[in-house]
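Contents: one structure, followed by commentary.
Each value in this text was obtained by applying a stated rule to the coordinates, not by laboratory testing. None of these values were measured; they are calculated from a predicted model. Ideal geometry is used to build each Cβ from the backbone, glycine not excepted, and the neighbour counts take in all protein chains shown.
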Amino acid sequence: MRNVHVEEIKCKTILNKTKMGFAEYTLNAYLGCVFGCSYCYVPVMRARRGQIDETQWGRWVQAKVNAPDVLRRQMLNVDSDARIAIGTATDSWQPIEKKYEISRRILKELSYYPNPVHVLTRSPLLIRDIDILTRIENLRVGVSLPTFDDQIRRAFEPEAPAIPGRVNLIKRLVTAGLRVRLFWCPILYGVHDNKSSVRDYVKRASELGVERIVWDTLNYTDMLWKPHLALLSEYRKLGNGRWQTSLSKDELRREIARCAREFNLNCG
């Protein structure tokens, strides 16, 4: 892991109410994320809220060392059908989780409750915790996989786990009988927003045995769009692949729906 400033902090709460449609509570074991993906929306949201970070996003992490204890207390007042989403603003299985095991202990706490749990990560470290995941009655695991091409990964998210490791994670989760979704977020503009790439991605996903693909396009804010175009220009200078015409979002939606029917896979 590159030079990262790590700080241990204590949180007052770990479950945060949300109005997002997929959960009633979000849970993030860490603040900050060393993967520092070029398209991450979190630093954009922090900037909009006036949260100015002295250290560049991707080079600092705060570990909520008391999170499992706080969760145990908060769960006493949580409805049994309330959905809990882990990893909405950080990757809770980023490298320092090897040391702290905060997310593993959080899973242990949640395994005692009937609440639906949704985990999202791009880290193969989650394989370590399959023994606990299988004990959670109502669980979905989302694996972030914007590409199956590791060369593309190195261009747009160089500090994130390599693609073969993520594919292995998916296989291990599916083999363990867990419900797995691929998060194709974002579909990289100028890279995968064309017909052949869509068909290839959906076909590969279906072969892995996942239950669904969740997809979206790049968040077109200046903070993300301009850096993406710069990275795209550098990537194309390498002469990798043949560049095809980008589909509009409506065309992309229709093509994904067509391929979903062809390979009998839910996408949306």
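Some values worked out for this structure:
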read-out: Simple Cβ-charge dipole of the chain, Lys/Arg +1 and Asp/Glu -1, about Cα centre, in debye nearest 20; value: 140
read-out: Using θ = phi - 60° and Karplus 6.51 cos²θ - 1.76 cosθ + 1.60, couplings along segment 249-264 (whole Hz; Gly, Pro as x); value: 4, 5, 5, 5, 4, 5, 5, 5, 4, 5, 5, 4, 5, 4, 9, 6
read-out: Charge-dipole axis of the chain as Lys and Arg at +1 and Asp and Glu at -1 on Cβ define it, positive-most pick from 55, 68, 165; value: 165
read-out: Point-to-point label distance, residue 5-residue 262, nm (Cα→Cβ direction, 7 Å offset); value: 4.9
read-out: Proximal charge balance of residue 29 [Cβ under 10 Å; K/R count +1, D/E count -1]; value: 0
read-out: Estimated [θ] at 222 nm from DSSP helical runs (n ≥ 4, -39500 (n - 2.57)) normalised by residues in the chain, nearest 500; value: -10500 deg cm²/dmol
read-out: Kirkwood Rh, Cα atoms: Rg over Rh of segment 105-212; value: 1.00
read-out: Gyration tensor over alpha-carbon atoms, segment 5-267, equivalent ellipsoid semi-axes in Å; value: 31, 23, 16
read-out: Segment 38-171: relative contact order as a whole-number percent, Cα under 8 Å and 6+ apart; value: 22
read-out: Tilt relative to the chain, helix 222-237 - C-alpha long axis, 0 to 90 degrees, to 10; value: 50
read-out: Gyration tensor (Cα) of segment 176-268, equivalent ellipsoid semi-axes in angstrom; value: 25, 14, 13
read-out: Aspartates and glutamates with Cα under 15 Å of residue 249, excluding same-chain neighbours fewer than 8 positions away; value: 193, 216
read-out: Candidate lysines for bridging to residue 64, where Cα separation is under 21 Å - those fewer than 8 sequence places away on the same chain excluded; value: 10, 12, 17, 98, 99, 108
read-out: Cross-link reach list, aspartates and glutamates versus residue 195, counting only Cα pairs under 14 Å and skipping chain neighbours closer than eight places; value: 250, 251, 255, 262
